[in-house]
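K.L.:
Below is a structure I'd like to ask you about.
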Amino acid sequence: IVTNAAAPTPVRGFERDFAPGEYGVRIEALEPQANRGARALGNLSILSFPSESFSMSDVLVGTGLRSRVPNPTKRGDIDLTAAADLTVDPGSTLGLYRESYGAKASADGTYKLSVEVSLTILELDRARTFQAQLFGGMMDMLRLSAEGREQVSITFPRTVPTTEGDRVIHHLSIGLGEAPPAQYRLEVSVKDLESGRVSRSERLVNIRRP
(Lines give C-alpha, C1' and ligand atoms only; values in the text may rest on other atoms or scores of the structure.)
Protein backbone atom coordinates (compact mmCIF):
# COMPACT_ATOMS: atom_id res chain seq x y z
CA ILE A 1 0.00 0.00 0.00
CA VAL A 2 1.50 3.34 -1.08
CA THR A 3 0.32 6.25 1.07
CA ASN A 4 2.85 8.84 -0.07
CA ALA A 5 3.75 8.88 -3.75
CA ALA A 6 6.73 11.15 -3.08
CA ALA A 7 8.30 8.75 -0.58
CA PRO A 8 10.79 6.07 -1.67
CA THR A 9 9.09 2.93 -2.99
CA PRO A 10 9.28 -0.02 -0.57
CA VAL A 11 11.64 -2.77 -1.72
CA ARG A 12 10.55 -6.39 -1.49
CA GLY A 13 12.67 -9.39 -2.33
CA PHE A 14 12.50 -13.14 -2.39
CA GLU A 15 14.96 -15.94 -3.05
CA ARG A 16 14.49 -19.02 -5.20
CA ASP A 17 16.91 -21.34 -6.96
CA PHE A 18 16.58 -21.68 -10.73
CA ALA A 19 18.29 -24.06 -13.14
CA PRO A 20 20.28 -22.53 -16.01
CA GLY A 21 18.10 -21.55 -18.95
CA GLU A 22 15.99 -18.82 -20.55
CA TYR A 23 13.10 -17.39 -18.52
CA GLY A 24 10.35 -14.87 -19.08
CA VAL A 25 9.71 -12.34 -16.30
CA ARG A 26 6.36 -10.62 -15.83
CA ILE A 27 5.42 -8.05 -13.18
CA GLU A 28 1.80 -6.95 -12.73
CA ALA A 29 0.19 -4.28 -10.56
CA LEU A 30 -3.54 -3.76 -9.97
CA GLU A 31 -5.32 -0.71 -8.60
CA PRO A 32 -8.57 -2.36 -7.42
CA GLN A 33 -10.73 0.73 -6.88
CA ALA A 34 -10.50 1.77 -10.51
CA ASN A 35 -9.86 -1.80 -11.69
CA ARG A 36 -6.83 -0.59 -13.64
CA GLY A 37 -3.67 -2.58 -14.11
CA ALA A 38 -0.14 -2.30 -15.43
CA ARG A 39 2.22 -4.96 -16.68
CA ALA A 40 5.91 -5.20 -17.55
CA LEU A 41 7.61 -8.07 -19.38
CA GLY A 42 11.23 -9.04 -19.77
CA ASN A 43 13.65 -11.89 -20.38
CA LEU A 44 16.19 -13.42 -18.03
CA SER A 45 19.10 -15.66 -19.03
CA ILE A 46 20.70 -17.85 -16.35
CA LEU A 47 24.04 -19.30 -17.39
CA SER A 48 25.85 -22.24 -15.87
CA PHE A 49 29.49 -22.07 -14.81
CA PRO A 50 31.68 -24.85 -16.29
CA SER A 51 33.01 -27.04 -13.50
CA GLU A 52 36.59 -26.99 -14.83
CA SER A 53 36.87 -23.19 -15.15
CA PHE A 54 37.51 -20.33 -12.75
CA SER A 55 34.62 -17.91 -13.14
CA MET A 56 32.82 -15.05 -11.42
CA SER A 57 29.22 -13.91 -11.17
CA ASP A 58 27.97 -10.49 -12.18
CA VAL A 59 28.70 -7.75 -9.67
CA LEU A 60 25.71 -6.71 -7.55
CA VAL A 61 25.92 -2.95 -6.86
CA GLY A 62 24.03 -1.12 -4.14
CA THR A 63 24.22 0.64 -0.79
CA GLY A 64 23.82 -0.26 2.87
CA LEU A 65 26.05 -3.32 2.71
CA ARG A 66 26.55 -5.13 5.99
CA SER A 67 27.21 -8.69 7.09
CA ARG A 68 24.56 -10.44 9.18
CA VAL A 69 27.04 -13.02 10.52
CA PRO A 70 30.76 -12.90 11.40
CA ASN A 71 31.85 -15.15 8.49
CA PRO A 72 29.31 -14.96 5.66
CA THR A 73 29.23 -17.83 3.18
CA LYS A 74 26.15 -17.07 1.03
CA ARG A 75 24.13 -14.17 -0.37
CA GLY A 76 21.57 -14.44 2.40
CA ASP A 77 24.27 -13.60 4.96
CA ILE A 78 24.71 -10.14 3.43
CA ASP A 79 22.35 -7.16 3.59
CA LEU A 80 22.57 -4.98 0.48
CA THR A 81 20.02 -2.60 -1.04
CA ALA A 82 20.59 -3.12 -4.74
CA ALA A 83 20.72 -0.13 -7.09
CA ALA A 84 18.56 -1.43 -9.93
CA ASP A 85 19.66 1.36 -12.29
CA LEU A 86 23.28 1.26 -11.04
CA THR A 87 22.93 4.86 -9.81
CA VAL A 88 23.79 6.11 -6.30
CA ASP A 89 23.73 9.49 -4.57
CA PRO A 90 26.87 11.62 -4.17
CA GLY A 91 28.81 10.79 -1.02
CA SER A 92 27.29 7.31 -0.77
CA THR A 93 29.08 4.20 0.39
CA LEU A 94 29.03 1.87 -2.59
CA GLY A 95 28.41 -1.79 -1.74
CA LEU A 96 29.66 -4.57 -4.03
CA TYR A 97 28.77 -8.26 -3.86
CA ARG A 98 29.91 -11.03 -6.20
CA GLU A 99 30.84 -14.70 -6.10
CA SER A 100 33.70 -16.65 -7.66
CA TYR A 101 33.68 -20.35 -8.52
CA GLY A 102 36.20 -23.04 -9.34
CA ALA A 103 39.30 -21.87 -7.50
CA LYS A 104 42.00 -24.48 -6.95
CA ALA A 105 42.62 -25.43 -3.34
CA SER A 106 46.15 -25.03 -1.99
CA ALA A 107 47.96 -27.67 0.04
CA ASP A 108 46.82 -26.13 3.34
CA GLY A 109 43.14 -26.46 2.42
CA THR A 110 42.45 -22.85 1.52
CA TYR A 111 41.78 -20.78 -1.57
CA LYS A 112 44.38 -18.07 -2.10
CA LEU A 113 43.05 -15.20 -4.19
CA SER A 114 44.08 -11.70 -5.25
CA VAL A 115 41.25 -9.21 -5.78
CA GLU A 116 41.50 -5.96 -7.73
CA VAL A 117 38.76 -3.33 -7.91
CA SER A 118 39.03 -0.16 -9.97
CA LEU A 119 36.80 2.83 -10.69
CA THR A 120 37.43 4.91 -13.81
CA ILE A 121 35.65 8.16 -14.67
CA LEU A 122 34.10 7.90 -18.13
CA GLU A 123 31.97 11.03 -18.53
CA LEU A 124 33.17 14.21 -16.87
CA ASP A 125 34.40 17.48 -18.38
CA ARG A 126 37.19 17.90 -15.85
CA ALA A 127 38.19 14.80 -13.94
CA ARG A 128 39.08 15.25 -10.28
CA THR A 129 41.01 12.93 -8.07
CA PHE A 130 39.14 11.17 -5.33
CA GLN A 131 39.88 8.76 -2.54
CA ALA A 132 38.14 5.51 -1.69
CA GLN A 133 37.69 4.29 1.87
CA LEU A 134 37.52 0.55 2.39
CA PHE A 135 35.68 -1.43 5.00
CA GLY A 136 35.63 -5.18 5.74
CA GLY A 137 36.39 -7.80 3.13
CA MET A 138 38.88 -9.85 5.20
CA MET A 139 41.93 -7.85 4.09
CA ASP A 140 45.37 -8.76 5.34
CA MET A 141 47.11 -6.10 3.25
CA LEU A 142 45.83 -3.22 1.18
CA ARG A 143 47.20 -1.27 -1.75
CA LEU A 144 45.41 1.85 -2.98
CA SER A 145 46.76 3.51 -6.10
CA ALA A 146 45.63 6.50 -8.13
CA GLU A 147 46.04 5.93 -11.86
CA GLY A 148 46.56 9.45 -13.20
CA ARG A 149 43.65 11.74 -12.37
CA GLU A 150 40.76 9.58 -13.51
CA GLN A 151 41.09 6.20 -11.78
CA VAL A 152 41.60 4.59 -8.41
CA SER A 153 42.37 0.91 -7.98
CA ILE A 154 42.45 -1.33 -4.95
CA THR A 155 44.30 -4.64 -4.71
CA PHE A 156 44.22 -7.00 -1.74
CA PRO A 157 44.74 -10.73 -1.05
CA ARG A 158 42.19 -13.16 0.38
CA THR A 159 42.65 -16.55 1.99
CA VAL A 160 39.40 -18.49 2.30
CA PRO A 161 38.76 -21.96 3.81
CA THR A 162 37.51 -24.61 1.38
CA THR A 163 34.85 -25.89 3.80
CA GLU A 164 32.00 -24.31 1.81
CA GLY A 165 32.89 -25.85 -1.56
CA ASP A 166 34.32 -23.89 -4.48
CA ARG A 167 31.96 -20.91 -4.13
CA VAL A 168 33.64 -17.88 -2.54
CA ILE A 169 31.64 -14.75 -1.81
CA HIS A 170 33.24 -11.32 -2.04
CA HIS A 171 31.78 -8.20 -0.46
CA LEU A 172 33.31 -4.76 -0.28
CA SER A 173 32.17 -1.24 0.64
CA ILE A 174 33.76 1.80 -1.01
CA GLY A 175 33.19 5.24 0.51
CA LEU A 176 32.90 7.53 -2.51
CA GLY A 177 33.62 10.68 -0.49
CA GLU A 178 33.87 13.65 -2.85
CA ALA A 179 33.87 11.63 -6.05
CA PRO A 180 32.10 13.89 -8.57
CA PRO A 181 28.76 13.03 -10.19
CA ALA A 182 29.64 11.15 -13.38
CA GLN A 183 29.54 7.76 -15.04
CA TYR A 184 32.22 5.32 -13.90
CA ARG A 185 33.46 1.99 -15.15
CA LEU A 186 33.68 -0.44 -12.24
CA GLU A 187 36.06 -3.32 -12.95
CA VAL A 188 36.53 -6.31 -10.66
CA SER A 189 39.06 -9.08 -11.23
CA VAL A 190 39.86 -12.08 -9.06
CA LYS A 191 43.03 -14.12 -9.57
CA ASP A 192 43.38 -17.66 -8.30
CA LEU A 193 46.97 -17.64 -7.07
CA GLU A 194 47.18 -21.45 -7.06
CA SER A 195 46.25 -21.96 -10.72
CA GLY A 196 47.07 -18.50 -12.10
CA ARG A 197 43.62 -18.17 -13.66
CA VAL A 198 41.82 -14.80 -13.64
CA SER A 199 38.14 -13.96 -13.86
CA ARG A 200 36.81 -10.45 -14.57
CA SER A 201 33.54 -8.57 -14.50
CA GLU A 202 32.59 -4.93 -15.01
CA ARG A 203 29.65 -2.56 -14.58
CA LEU A 204 28.88 1.02 -15.56
CA VAL A 205 27.98 2.85 -12.34
CA ASN A 206 26.57 6.38 -12.08
CA ILE A 207 26.84 8.93 -9.30
CA ARG A 208 23.63 10.92 -9.53
CA ARG A 209 23.92 14.54 -10.57
CA PRO A 210 22.14 17.10 -8.30
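The values are calculated or read from the model by the stated rules, or taken from the named source; none is laboratory data. Just so we're clear, the structure is a prediction, and the values are computed from it rather than from any experiment. FYI the Cβ positions are ideal-geometry reconstructions off the backbone, even for glycines, and counts take in every protein chain you see. Areas reflect the complete protein model, heavy atoms only, side chains present, ligands, DNA and RNA absent. Shrake-Rupley method; radii C 1.70, N 1.55, O 1.52, S 1.80 Å.
K.L.:
Does Leu124 satisfy the criteria of being at pLDDT 95 or above and either surrounded by fewer than 17 Cβ atoms within 10 Å (Cβ to Cβ) or under 23 Å from Gly165 (Cα atoms) (or both)?
P.N.:
No; evaluated as a whole, the condition is false for this residue.
K.L.:
Among Val152, Val188, Val160, Val205, which is within 18 Å of Thr120 (Cα to Cα) and free of Cβ contacts under 8 Å to residues at least 60 places away in the same chain?
P.N.:
Details: Val188 fails: free of Cβ contacts under 8 Å to residues at least 60 places away in the same chain; Val160 fails: within 18 Å of Thr120 (Cα to Cα); Val205 fails: free of Cβ contacts under 8 Å to residues at least 60 places away in the same chain.
The conditions single out Val152.
K.L.:
In segment 48-76, what residues are touching a strand residue (DSSP E or B) at 6+ places or on another chain (Cβ under 8 Å) and either hydrophobic (A, V, I, L, M, F, W, C) or open to solvent by 80 Å² or more (accessible area, probe 1.4 Å) (or both)?
P.N.:
Correct list: Phe49, Phe54, Met56, Asp58, Val59, Leu60, Val61, Leu65, Arg66, Arg68, Lys74.
K.L.:
Here are some conditions: (1) loosely packed, with under 15 Cβ neighbours inside 10 Å; (2) at pLDDT below 75; (3) under 20 Å from Ala179 (Cα atoms). Ala132 meets all but one. Which one does it not meet?
P.N.:
All conditions pass for Ala132, except number (1).
K.L.:
Do we have Gly95 as assigned to a strand (DSSP E or B), of a type in the set (Gly, Ala, Ser) and touching a Gly at 6+ places or on another chain (Cβ under 9 Å) here?
P.N.:
Details: assigned to a strand (DSSP E or B): yes; of a type in the set (Gly, Ala, Ser): yes; touching a Gly at 6+ places or on another chain (Cβ under 9 Å): yes.
In short, yes.
K.L.:
I'd like the residue in segment 153-168 that is part of a strand (DSSP E or B) and open to solvent by 10 Å² or more (accessible area, probe 1.4 Å) and, out of all such residues, is farthest from Ser118 (Cα to Cα).
P.N.:
Filtering segment 153-168 for residues that are part of a strand (DSSP E or B) and open to solvent by 10 Å² or more (accessible area, probe 1.4 Å), the one farthest from Ser118 (Cα to Cα) comes out as Pro161.
K.L.:
What number of residues in segment 24-64 are part of a strand (DSSP E or B), among the small types (Gly, Ala, Ser) and without any contact (Cβ under 8 Å) to a residue 12 or more places away in the chain?
P.N.:
3
K.L.:
If you go through segment 77-95 one residue at a time, do you hit one that is of a type outside the set (Gly, Ala, Ser), at pLDDT 75 or above, over 25 Å from Leu204 (Cα atoms) and open to solvent by 20 Å² or more (accessible area, probe 1.4 Å)?
P.N.:
no
K.L.:
Regarding Val190, is this residue in a strand (DSSP E or B), of a type outside the set (Phe, Trp, Tyr), over 18 Å from Leu86 (Cβ atoms) and open to solvent by less than 10 Å² (accessible area, probe 1.4 Å)?
P.N.:
Yes: the conditions hold for Val190.
K.L.:
Something else about it: So which of Gly196, Gly177 is surrounded by fewer than 14 Cβ atoms within 10 Å (Cβ to Cβ) and within 19 Å of Val88 (Cα to Cα)?
P.N.:
Gly177
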